[in-house]
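Novice: Below: one structure in structure tokens.
The values are calculated or read from the model by the stated rules, or taken from the named source; none is laboratory data. Note that the coordinates shown come from a computational prediction; the quantities given were computed from them, not determined experimentally. Here the Cβ is made from the backbone with ideal geometry for all residues, glycine too, and neighbour counts use every protein chain on show. Side chains included, ligands, DNA and RNA excluded: accessible areas come from the protein's heavy atoms. Shrake-Rupley method; radii C 1.70, N 1.55, O 1.52, S 1.80 Å.
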Amino acid sequence: MSALGNLPAPEDVDIVIPTIRNLDFLEQWRPFFERHKLIIVQDGDPSRVVKIPEGFNYELYNRNDIERILGKRAECISFKDSACRCFGFLVSKAKYVYTIDDDCFVAEDPQGNKINALDQHLRNISTPSTPFFFNTLYDPFAQGSDFVRGYPFSLREGVETVVSHGLWLNIPDYDAPTQLVKPAERNTRYVNAVMTVPKGSLFPMCGMNLTFNREVIGPAMYFGLMGHGQPLGRYDDMWAGWCTKVICDHLSLGVKTGLPYIWHSKASDPFTNLKKEYKGIFWQEEIIPFFQSVTLSDDCQTVCDCYLELAQKVRDELSDLDPYFTKLADAMGTWIEAWKELNPEAQGRYPQK
Ligand SMILES: O=c1ccn([C@@H]2O[C@H](COP(=O)(O)OP(=O)(O)O[C@H]3O[C@@H](CO)[C@H](O)[C@H]3O)[C@@H](O)[C@H]2O)c(=O)[nH]1
Ligand SMILES: [Mn+2]
């Protein structure tokens, strides 16, 4: 089946970029980005001037803006960590968000064509996902693909896709221990596939090259408390991905991963990364079984309801691991308060079925 959904209009897609750098990388993306609104979340020193190339339609928010807009609730938005990007999800009014890091450039496919990553994401998210039964020819809705023999016809309608997770050529998104033992490793493998993450399976969601339906799953895309004053870093996107996937499974919503690739240019310092992520490396051995065991009650009416129920379970079941998780559960609740105040129209509906 090659049903390619109608792609969203430019005004329906905002691009969220967290930054401690300048944004020269946008020059490479200009053909693909300039019809979209950029939401730039400037981290670190708010007095620093961020250089933004001419000709882009953007909103720029620094820490002073975050505190002005959220007041006391600003405490749920991380400082000095890329997790601050989720503030951009809060203030966007677009149906879809694409978030990308400022050291990610336009990649080329094996034929040497420049990859319009945003276009591929929108194709992914505009066609259904197949979480209940794995299609061995990958995404059946991609051009030139279909369901294979033996695939139940009763499952071929699929479900609404709300997350499209892209990958990276050159510097792969490795954790610090892997970076340390394989400092020279570069990802040169271009795998031409998009697939649905099956129901019941979690996955390590990277925030570097990610698109999602903000109106539906936005409330779950809280990039948890990291950075300044926190015992953890580089688990912001992972936390959001685990919460999102549990809620997507509960609501029969779809998550796809694979194409598009971007070219990730900067390897962050593995020693700094080790300091940020080391607690997460052993905590996640308890966190993952927690998320794998979570069941959400049927009376949750929206993603917000699901998220608040999940936050309570975090508070009840992970606080013995470390008091941090009580703080994180509280921050999850604050996030939803801020979301409801700024986005009353986007509570994350149940699928209309
Ligand atoms: O304190 C900070 C640090 C960075 N940023 C911005 O966030 C992204 C990612 O930063 P960077 O490319 O330096 O780090 P990576 O290790 O490559 O990032 C990967 O780890 C995840 C961290 O959670 C991230 O999602 C992955 O891409 C850049 O845009 C920096 O400018 C920041 O805002 N504040
Ligand atoms: Mn990077």
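Novice: Residues G241, G233, G229: which one is in contact with a Cys (Cβ under 9 Å, 6 or more places away or on another chain) and among the small types (G, A, S)?
Specialist: G241
Novice: Being of a type outside the set (F, W, Y), over 20 Å from H264 (Cα atoms) and either more than 16 Å from ligand 1 (Cβ to nearest atom) or modelled with pLDDT under 95 (or both), is that true of even one residue in region 103-116?
Specialist: Scanning region 103-116, I find no residue that is of a type outside the set (F, W, Y), over 20 Å from H264 (Cα atoms) and either more than 16 Å from ligand 1 (Cβ to nearest atom) or modelled with pLDDT under 95 (or both), so the answer is no.
Novice: Let me ask something additional. For region 101-118: of the residues being under 13 Å from F33 (Cβ atoms) and either open to solvent by less than 30 Å² (accessible area, probe 1.4 Å) or in contact with a Pro (Cβ under 8 Å, 6 or more places away or on another chain) (or both), which is farthest from ligand 2 (Cβ to nearest atom)?
Specialist: N116
Novice: Just need a number here: residues in region 292-326 that are in a helix (DSSP H, G or I) and open to solvent by 30 Å² or more (accessible area, probe 1.4 Å).
Specialist: 11
A quick yes/no check of all residues on (1) open to solvent by less than 10 Å² (accessible area, probe 1.4 Å); (2) away from ligand 2 (no atom under 15 Å from the Cβ); (3) without any contact (Cβ under 8 Å) to a residue 40 or more places away in the chain:
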{"residue": "F203", "(1), (2), (3)": "no, yes, no"}
{"residue": "L210", "(1), (2), (3)": "yes, no, no"}
{"residue": "I217", "(1), (2), (3)": "yes, yes, no"}
{"residue": "Q230", "(1), (2), (3)": "no, yes, no"}
{"residue": "G233", "(1), (2), (3)": "yes, no, no"}
{"residue": "K245", "(1), (2), (3)": "yes, yes, no"}
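Novice: Could you tell me whether region 19-30 includes any residue that is out of contact with any Asp or Glu (no Cβ under 7 Å at 6 or more places or on another chain), within 11 Å of ligand 1 (Cβ to nearest atom) and either open to solvent by less than 30 Å² (accessible area, probe 1.4 Å) or hydroxyl-bearing (S, T, Y) (or both)?
Specialist: No, because not a single residue in region 19-30 is out of contact with any Asp or Glu (no Cβ under 7 Å at 6 or more places or on another chain), within 11 Å of ligand 1 (Cβ to nearest atom) and either open to solvent by less than 30 Å² (accessible area, probe 1.4 Å) or hydroxyl-bearing (S, T, Y) (or both).
Novice: Further question on the same structure: Which ones in region 252-272 are near ligand 1 (Cβ under 9 Å from one of its atoms), of a type outside the set (S, T, N, Q) and touching a residue at least 24 places away in the same chain (Cβ under 8 Å)?
Specialist: H264, K266, A267
Novice: From the set of residues in region 273-291 that are within 21 Å of the chain's Cα centre (by Cα) and within 15 Å of ligand 1 (Cβ to nearest atom), which is most open to solvent (accessible area, probe 1.4 Å)?
Specialist: K276
Novice: Looking at region 121-137 only, could you name the residues that are open to solvent by 50 Å² or more (accessible area, probe 1.4 Å) and closer than 30 Å to K266 by Cβ?
Specialist: Within region 121-137, R123 is the sole residue that qualifies.
Novice: Can I ask one more? Name the single residue that is nearest to ligand 2 (Cβ to nearest atom) among those in region 247-269 being of a type outside the set (D, E, K, R) and farther than 26 Å from L26 by Cα.
Specialist: V255
Novice: Restrict the check to region 78-90 and report whether at least one residue is in contact with a His (Cβ under 8 Å, 6 or more places away or on another chain), within 13 Å of ligand 1 (Cβ to nearest atom) and among the polar types (S, T, N, Q).
Specialist: Checked region 78-90: at least one residue is in contact with a His (Cβ under 8 Å, 6 or more places away or on another chain), within 13 Å of ligand 1 (Cβ to nearest atom) and among the polar types (S, T, N, Q).
Novice: Can you give me the number of residues within region 225-266 that are of a type in the set (G, A, S) and under 12 Å from the mean Cα position of the chain (by Cα)?
Specialist: Number of matching residues: 2.
Novice: Could you count how many residues in region 247-270 are in contact with a strand residue (DSSP E or B) (Cβ under 8 Å, 6 or more places away or on another chain), assigned to a loop (DSSP other than H, G, I, E, B) and open to solvent by 10 Å² or more (accessible area, probe 1.4 Å)?
Specialist: Residues meeting the conditions: 2.
Novice: Could I ask something else about it? From the list Y151, Y96, Y138, which residue is on the phi > 0 side of the Ramachandran plot and either among the aromatic types (F, W, Y) or in contact with a Pro (Cβ under 6 Å, 6 or more places away or on another chain) (or both)?
Specialist: Y138
Novice: Go through (1) open to solvent by 50 Å² or more (accessible area, probe 1.4 Å); (2) touching a Lys or Arg at 6+ places or on another chain (Cβ under 8 Å) for R73 and report which single condition fails.
Specialist: So R73 meets the others, but not (2).
Novice: Follow-up question, since we're still on this one. If the requirement is being among the hydroxyl-bearing types (S, T, Y) and open to solvent by less than 20 Å² (accessible area, probe 1.4 Å), which of these qualifies: Y190, Y151?
Specialist: Y151
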